[in-house]
Each structure stands twice: as structure tokens, then as C-alpha cells.
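Structure first, commentary second.
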Amino acid sequence: MEQERPHILYIPRWYPSREDPMLGLFVKKHARAAISSGYRISVAYARQASGEQNKNIEVHCYSDDFLNETIVTYPARNGFPGLILQIRAWLTAISVTRKAHGKPQLIHAHILTRTGLLAMIFSVFYQIPYVVTEHWSRYYPENMQFKGFWRKWITKKVLQKAGLASVVSQRLADAMKSAGLDFSYEIIGNVVDTSLFTPSVSKEPGEIRKIISISCFEEKSKNLNLLLDAFQELLSKTDNIQLVLVGDGADFEYTRKRVSEMNFKEDEVRFTGMLENEALAEELRGSACLALSSNYETFAISVFEALACGVPVVVTDVADLKHHIRPEMGEVVEAGNMKDLSGALSKVLENTHNYSPNSMRDYVEHNFGTKAIAEQLNLLYKPLIVNSSRYAK
């Protein structure tokens, strides 16, 4: 029965919606993993409408298999009116969730800082504990967006008051500590859907070998220029290859223009646009390897989705990839090093028969499959829920 499951309120900074089904998908996968471990999850999420999409606050509620979502959309406004609208939207999302699904026994805030502040406030109001999980790259020196006295002060307080905290990689935790945040934490990665991302049958000899890259087309972080340069060098000594660029984003047109200026032959570089679910898995299965050229990442889930499909990878040394990617899975190169990236791609393409799809998949299943992350989330939640009797009811 629903009421017999411990009830956890998720307050995420990013979360999938009808308008953007990919934003914060990793939070929804955490929720699904927690549900598989016996919890009931209610999500309260407020998002700003794009442009003149709507002029009033709108509330949409969804329920499916112990996952209840309240998504509130508020109009885009500047200055103080915009701040008031945002506060109203968040309070509405939490209030609607509370009335519809009851008082939670624990709050889980994803992506700081505003969500952590809300969790801290409602933790006092409901007299229950809260935990926080950080996924955001804003603490890295290459992307320093963690600025301002009040933001830093509030973030420190949120982490101090939290029952527990988790981050998705050690590299991210180190960056947070370097930014002045002193806190204890657990490493809990993102969920890889190993029921979706599965190996394919062997490819026929002689078919075009595809190098796939999956990104949000943000040049500052993803550094697709580096990948294009490395691929161009690879083409000078390797035949029968194609670079497949999957995704969309702010620098999509910039990248298309750069490809055009580099005078690649027809079909040497292919853009697919945004791919989801089975379409993405199918594109991965048909690839010879995945390339990741990023300057920084917090987790890099596309790498593990490729491995789950039995596809070897060539990646830059970002997130915790150097810890996970063994020689039998692919190659790790220095971020920003075009020669090394091109050489590693060549090495992997020449030795695809040496990589074991089942071994790569087993590693992902054991470390980042739904069951593995569900067990880690249970270890995070259970002590706080069991001991929550110390909080006033």
C-alpha cells in the first residue's frame, strides 16, 4: 500500500517537463531508483516559462507508480516581481504536494542553492530531516559560477544543517571543497538504465565505423572544437569512419558552422539532433566508440550508457572517469590535448575486437545500474527516517 512506504519529498533545481523532457532527467532516475527500494517519492518543482509562454502560474500534477510530480510553471519577469513570482511558485509546488500526498518523512534537495534553502526551511516547518545532492559543475574553476557572499553563506548553512549530503563524483566534491565548502558526503552516481542501454549483435565487417559524441552543445564545457580537430586529423590516416554528433544546445549552430568551414566530405560528420530513449540507445549500439572531449564534467553519463551498450570509449580526464575507465573499456586522455585524443581514437578503432561488451556492461550494472544506486540511496535515507523520531511530530 502507498501509505506503508516511507514518503520522501524531492525538491530539484532541474527536472523533466513537457517543455524539456531531458532537463534534470538524472533526478527522475534517482527517484525511480528510490521507488524500487521501497520508497514513495513526491516531487515539487517550479520552472520559469520561456518568453511569453504563459502569463499566470500554472500547476500540473502527475502520478505514476509511487512517483507523484507537481510541476509549477511561472511567468518570466525581471527584478523583484520575478523573485516574488518564483517564491510563490516554489511555495505553491510544495503546498500542493503536501495537501495531495501527505507530510513527508524526509526531504531530498537536488542541485543547490535555492532547493537546499527550501529544504532547510521546510525541515524546520515539518520537523523532519533533509539531505542534499549536488550535480552542478558551477564549482569548477573553468566554470566558476559559485559567487556572491550570500549564496556562499547560505550554501554553507544548508550543508551544515543537512542530515547527510551526496555528490555524483569525487572530482565534484573536491571542487566544492576548494570553493570553501567544508562538509561530509557520500559519492552516489547517476543511474544508467541498463534495461534500455544494451549491447547489439556484432557489426558486419567493412561497415562505416561511427564515432559518436553526445552533448548539450555548450562549447565552454563540451569542447567539441577539440573533437572536430582530432577527427580531422584522424581522417588524414584512417578511412571508412564517421563522426556522429548527437544533441542540441546553445552552440549547436556554431558547431554546424565550424563543420562547414572545415570542409568535411558529405557524410563524414552527421548531426542527429536530440535523441531520446530507444533512438539514442540504437544510435549508440551502432557505434564503434564514444568520444567525450569535455573540459569538465560532474559525471558524464553518456560514457556509462555507451559502456552499457558494449561500446568502448575515448574520454578526457574529467569527473571520475580516470578511476572507472580501465584499458579493457577504452582510453582516457588529458583534457585539451588534441593529438592524444586523435591517437586514442585511432587505437580504439583499430582494436575494437579486443573489447568485451559483456564485461563493460557488467561494470556499469554493478556500479550504476538501478539496483546499485537504489541500494546506495537506501543507505542514505534509512538511518534518517528510522531516527526521525527525535524530530517533533
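What follows draws every value from the coordinates through simple rules; no lab data is involved. Not measured: the values here are computed from a predicted model. Every residue, glycine as well, gets a Cβ built from its backbone with ideal geometry; the counts of neighbours run over all protein chains shown.
Give me Lys339, Lys55, Lys161 sorted ascending by neighbouring Cβ count inside 10 Å, so fewest comes first.
Placing the least packed residue first, the sequence is Lys55, Lys339, Lys161.
Taking amide hydrogens as modeled 1.01 Å from N in the peptide plane, which residues meet the under 5 Å criterion relative to Val43, leaving out close sequence neighbours?
Those qualifying (amide H under 5 Å, at least 5 residues apart or on another chain) are Tyr10, Asn68, Glu69, Thr70.
What whole number of Å gives the distance from the Cα centroid of region 263-317 to the Cα centroid of region 62-141?
Centre-to-centre (Cα) distance: 33 Å.
Please arrange Phe264, Phe146 by how many other C-beta atoms lie within 10 Å of their C-beta, fewest to most.
Ascending Cβ contact count within 10 Å gives the list Phe264, Phe146.
Could you check the spin-label model distance between Asn351 and Glu186? Points 7 Å from the Cα along Cα→Cβ, value in nm.
Simple spin-label model gives 3.7 nm for this pair.
Assuming R0 = 25 Å, can you tell me the calculated FRET efficiency for the pair Asp239 and Glu282, based on Cβ-Cβ distance, to the nearest 0.05?
In this case the efficiency is close to 0.50.
Under a point spin-label approximation (7 Å from Cα along Cα-to-Cβ), what is the Ile121-Ser195 distance to one decimal in nm?
So the two model labels end up 3.7 nm from each other.
Just want to confirm a number: the relative contact order over region 209-368, from Cα pairs under 8 angstrom separated by 6+ residues, in percent. Before the final figure, lay out each step's value.
Numbers: 279 pairs, mean separation 40.0, N = 160.
RCO, region 209-368: 25 percent.
Given R₀ = 41 Å, FRET efficiency for Lys322-Ala76 by Cβ-Cβ distance, to 0.05?
On the way: r = 41 Å, r/R0 = 0.99.
About 0.50, to the nearest 0.05.
Can you figure out the FRET efficiency of Leu83 with Cys61, using R₀ = 22 Å and their beta-carbon distance, to the nearest 0.05? List each step's numbers first, then the result.
Values: r = 25 Å, r/R0 = 1.13.
According to the calculation, E is roughly 0.30.
Simple spin-label model, 7 Å along Cα-to-Cβ: Lys156 to Glu261 in nm?
For the pair Lys156/Glu261, the computed spacing is 4.4 nm.
By count of other Cβ within 10 Å, fewest leading, how are Leu227, Leu159 ordered?
On the way: Leu227 26, Leu159 21.
Fewest-to-most ranking of Leu227, Leu159: Leu159, Leu227.
Search the structure for amide H atoms under 5 Å from the amide H of Gly330, placed 1.01 Å from N in the peptide plane, and list their residues when 5 or more places away or on another chain.
Amide H to amide H, under 5 Å and 5 or more residues apart or across chains, Gly330 pairs with Val313.
Where does the chain land at 222 nm, in deg cm²/dmol rounded to the nearest 500, when only DSSP H runs of n ≥ 4 count, each adding -39500 (n - 2.57), divided by all residues? Walk me through the numbers before you get to the answer.
On the way: 14 runs with 159 residues, N = 393.
Rounded to the nearest 500, the figure is -12500 deg cm²/dmol.
Based on the Kirkwood radius over alpha-carbon pairs, what value in µm²/s does the Stokes-Einstein equation return for the translational diffusion coefficient of region 49-106 at 25 °C and 0.890 mPa s? The partial results should precede the final answer.
Working: Rh = 12.5 Å.
Value of D from the Cα-based Kirkwood radius: 197 µm²/s.
For mean projected area of the Cα convex hull in nm², pick the label among (i) 26.8; (ii) 17.3; (iii) 19.9 that corresponds to the value derived from the coordinates.
So the structure-derived entry is (iii).
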